[in-house]
Amino acid sequence: MGLQQVLNRLLDVNYNVIVNYIVNRLKEYLEESGKEGFVVGLSGGIDSSVTTVLVSKATNNFFVLLMPSSSTPKEDMEDAYSVISMVKAKEKSKLIPIDDVVNDISKKVETQDKLVIGNVKARIRMTLLYAFAQKLNYLVVGTGDKSELLLGYFTKYGDGGVDLLPIGDLYKTQVRRLGAELGLPERIVKKPSSPALWEGQTAEGELGISYELADAILYLRFEEMKTSEEISQELGVDRSLVLKVERLVKTSQHKRLPPEIFRLSGRAINSDWRYPRGWS
Amino acid sequence: MVLKVELAQIRPKLGDIEFNLSKHVEIIETSSADCVVFPELSLSGYVLRDLVYEVYRDLKKASQKIADKAKCAIFGTIDEVMPGVLRNSAGVAIEGKLDFVYKFFLPTYGLFEERRYFQPGNPLKDLKVFSYRGFKFGVAICEDAWHPEPIEALALLGAEVVFIPSASPMRRLSTRLAIEDQWEALLKAHSIMHGIWSAFVNAVGSQEEEYFWGGSMIVNPLGVVIARAQKFEEARLTSLIDREDIRRARYFSSFRDHNRDFHRAMWNI
């Protein structure tokens, strides 16, 4: 079986059912949380655009923040505005450029390192999202997808700092297809993914692998539980690529877990504290 | 001889026994059926994890309240069989009398972690067939329907209908819902092999990350799905179960040829 066949298996899903499912779960989650709505950060990329549309279908009580920096491409803002008009959220959105805060922090940290500053940008956005969420009594909706979460391609406590991840069990390629089904503009659906934390950054450039290939490898390795040899043979790719994806997943495990607590007592939080989230 | 059954495909609130109990009572009091059947752990919700230890005492009282109200009801609860030893159970309330059926196979793989909390039932002691209005029924809880033995044993003990209270979470959603097809295949196989009615009652709605898909169904002794509840929504599915269908299926089946030597052979595996 080749790459295309694996992708077909991932993409051949019932998108109407998925949309209804996610929208219903958003409604239920909101109701059970006792909060009044959702805040979402919209970049104009595929993930945040899809998430914004889904959120708008779940409730009228949502607020969209656009938080560009100097490294945000002009096209992304145009795309973000097209999504805002699509979900009729002009009155429920706000533009907050973050460069002044970024500059303040980079001065205090005394660095121009693009990775450090890039992560600072993500965490400033998280801070703004939570400030608005608290002000409005809303929840922060994350926009991460399964590919990013597995590869660790997100900033810990930045875009990773959210209350829930409605598209977190859909691979990037599935999210793109979902975006097309939801009627998002083709430019959003097709443009290369990028966190835009610095100019010219693209996800696939940074990861060194296309999302199509990454998704196929992630699926075969962690859902079908195949070995790297089997996957390299099945997809007709060099085994080193499979191992690279595997390494990204393994080294980012800490990002997907709560912080480790060193056990002393008879009952420690985390490993021996398995209460449901909705505990009341 | 006909029995009217209602499958109450409810959305339990995780850990909220009071809410769940009032939902059970409301359904029981408004049902036109002889027997009302609820999903697995319907009084508490399924994804309890360590909350098990916080709720099981309240479940005892709630179970008794159902027994006080129901003519015939089967519901999901937890029974403490000795101090600190808990079992995933179905309460069987018949005209004021309360008994329990225990789950024999406790899924502990993937998203399931039942062995962390529960003790499995013992087939040598805990296989039970009940009788209501002249109809014999058995109860097999969820995972027990994924093995041939529990339902085979119930059928051989005389069960004419097997109720299967379940908490089946959605997974592997593709163009179709694989888990629905799998359940349908299992129910049909049990019904066809034993010439019995099978009634699968699933929970519905979200509990933690999981989502219970509903889709409760009743399969007749010929292996035909004769009633089906909607997916993803609460539902009350009422249907008639007729003994004549059991006879008709068994005239032309080899259910009667139970060969004990297979079980003797399996004992030594």
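Please treat every number below as a calculation from the coordinates, not as lab data. Because the structure is predicted, anything quoted here is derived from the model rather than measured. Reconstructed Cβ throughout: ideal geometry from the backbone, glycine too, with neighbour counts over all protein chains shown.
What number, in percent, do you get for the relative contact order of segment B:1-108 if the mean sequence gap of Cα pairs under 8 Å and at least 6 apart is divided by its residue count?
After rounding, I find 24 percent.
Considering only A:A268, A:A203, A:A131, give the residue with the highest GNM mean-square fluctuation for chain A, with springs between Cα atoms whenever their separation is below 10 Å.
In the Gaussian network model the winner is A:A268.
Looking only at B:M82, B:M193, B:M217, which one moves most when chain B is put into a Gaussian network model with springs between Cα atoms under 10 Å?
B:M82
Compare the Cα positions of B:H194, A:H254, A:A89 along the charge dipole of the protein assembly as shown (+1 at Cβ of Lys, Arg; -1 at Cβ of Asp, Glu; about the Cα centre) and return the one farthest towards the positive end.
B:H194
Using a Förster distance of 56 angstrom, determine the FRET efficiency expected from the C-beta separation of A:K255 and A:S85, and round it to 0.05.
0.95
Fewest first, what order do A:M86, B:M266 take by the number of other Cβ atoms within 10 Å?
So the ranking, lowest neighbour count to highest, is B:M266, A:M86.
Could you tell me which residue out of A:G278, A:G161, A:L184 lies farthest along the dipole of the protein assembly as shown toward its positive end? Charges go on the beta carbon: Lys and Arg +1, Asp and Glu -1, centred on the Cα centre.
The residue sitting most towards the positive pole is A:G278.
Could you list the GluC sites (Glu not before Pro) in segment A:228-280 that lie in coil according to DSSP, counting only those with at most 16 other Cβ atoms within 10 Å of their Cβ?
Loop-located and lightly packed - A:E260.
Could you list the chymotrypsin sites (Phe, Trp or Tyr not before Pro) in segment B:3-110 that lie in coil according to DSSP, counting only those with at most 10 other Cβ atoms within 10 Å of their Cβ?
Here the chymotrypsin sites (Phe, Trp or Tyr not before Pro) that fit, given the DSSP loop and packing criteria, are B:Y109.
Would you work out the relative contact order for chain A, in percent, from Cα pairs under 8 angstrom that are 6 or more residues apart?
The normalised contact order for chain A reaches 21 percent.
Less than 18 Å from a label point 7 Å out along the Cα-to-Cβ axis of B:R116: which backbone N atoms in segment B:204-227 qualify, by residue?
Under 18 Å, as judged by backbone N against the label point of B:R116, lie B:207-211 of segment B:204-227.
Give me the percent relative contact order of segment B:2-267, please, defined on Cα pairs under 8 angstrom at least 6 residues apart.
The normalised contact order for segment B:2-267 reaches 18 percent.
Going by how many other beta carbons lie within 10 Å of each one, how would you line up B:D68, B:D261, fewest first?
Ordered from fewest to most neighbouring Cβ atoms within 10 Å, B:D68, B:D261 come out as B:D261, B:D68.
Rounded to whole Å and sorted largest first, what semi-axes of the equivalent ellipsoid does the C-alpha gyration tensor of segment A:68-142 yield via the square root of 5 times each eigenvalue?
Values for segment A:68-142, descending: 25, 17, 9 Å.
Please report Rg (one decimal) and Dmax (integer) in Å for the Cα set of the protein assembly as shown.
Expressed in Å, the Cα Rg and Dmax of the protein assembly as shown come to 26.8, 87.
I'd like the trypsin sites (Lys or Arg not before Pro) in segment A:55-125 restricted to DSSP loop residues with at most 14 other Cβ atoms within 10 Å, sorted by number.
Listed in order of number, the matching sites are A:K88.
Along the Cα-to-Cβ line of B:S131, 7 Å from the Cα, sits a label point; which residues in segment B:145-163 have backbone N less than 19 Å from it?
B:154-163
Tell me, B:E18, B:E233 in order of fewest to most beta-carbon neighbours within 10 Å?
Placing the least packed residue first, the sequence is B:E18, B:E233.
Averaged across A:12-22, how many Cβ atoms of other chains sit within 10 Å of each residue's Cβ atom?
3
Counting DSSP beta bridges with both partners in chain B, what percentage is antiparallel, nearest 5?
75 percent
With just the Cα atoms of segment B:2-267, tell me how far they stretch along each of the three principal axes, in Å, largest first.
Result, largest extent first: 50, 45, 42 Å.
Measuring from label point to label point, each 7 Å out along Cα→Cβ, what is the B:A185 to A:V116 span in nm?
Modelled inter-label distance: 5.7 nm.
For every helix of n ≥ 4 consecutive DSSP H residues, a contribution of -39,500 (n - 2.57) applies; sum these over chain A, divide by its total residues, and give [θ] at 222 nm rounded to the nearest 500 deg cm²/dmol.
Mean residue ellipticity, 222 nm, calculated: -16000 deg cm²/dmol.
Magnitude of the Cβ-charge dipole of segment A:135-258, K/R +1 and D/E -1, about the Cα centre, nearest 20 debye?
Its charge dipole is roughly 360 debye.
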